Amino acid sequence: MIDKLSKEGNPNAIDFPRVYLEADSYDFSFSGLKAAVLNYLNQTKQKGEEIVVEDVAASFQQAVIEVLVEKTIRLAKERKSDKIVMAGGVAANQGLRNLMKSRGREEGIEILYPSRILCTDNAAMIGSAAYFNYMEGQISDFYLNVEPNLELKG
């Protein structure tokens, strides 16, 4: 919905913060951005001014994708990678795709992602991976656990 609304709005209408955290961090935190959006909405309402939902969506999306793209490109360059693969629901966002493609061209990094229809839910990708693992005889028992801090191998 944010992506859809943002296509009708001005991404520069509202100057929402870009939160990068520590200088070399690749972590994300959008709680400050969320607070800024809520503050903007409350202040605008208190002033009796019109809230242009499309501008709020476009400005919010721009603040989020600039941080995502900057950190992703920086990590790819640091690891000397010439490709970035986008997947999952976030990869369906057209604004993110456009900015990532643009920055990728500037930096000589190829940006890859599946068609949007395959980006709506990670369950399809997980199911596909499970199918191919099963076909290769890789079966897990009911004690399988998650490993949330796995490192990317380059």
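Consider F142 against the criteria (1) aromatic (F, W, Y); (2) in a loop (DSSP other than H, G, I, E, B); (3) surrounded by 10 or more Cβ atoms within 10 Å (Cβ to Cβ): it satisfies all of them except one. Which criterion is unmet?
(3)
Here's a check for you: in region 17-61, which residue that is modelled with pLDDT under 95 and of a type in the set (S, T, Y) is farthest from I2 (Cα to Cα)?
So the residue we want is S25.
Condition check: touching a residue at least 40 places away in the same chain (Cβ under 8 Å), surrounded by fewer than 14 Cβ atoms within 10 Å (Cβ to Cβ) and either aromatic (F, W, Y) or over 24 Å from P148 (Cβ atoms) (or both). Does D82 satisfy that?
Considered against the rule, which asks whether it is touching a residue at least 40 places away in the same chain (Cβ under 8 Å), surrounded by fewer than 14 Cβ atoms within 10 Å (Cβ to Cβ) and either aromatic (F, W, Y) or over 24 Å from P148 (Cβ atoms) (or both), D82 comes out as no.
The values are calculated or read from the model by the stated rules, or taken from the named source; none is laboratory data. The shown structure was predicted, so the numbers you read here are calculated from the model rather than taken from an experiment. Cβ atoms come from the backbone with ideal geometry, glycine included; neighbour counts cover every protein chain shown.
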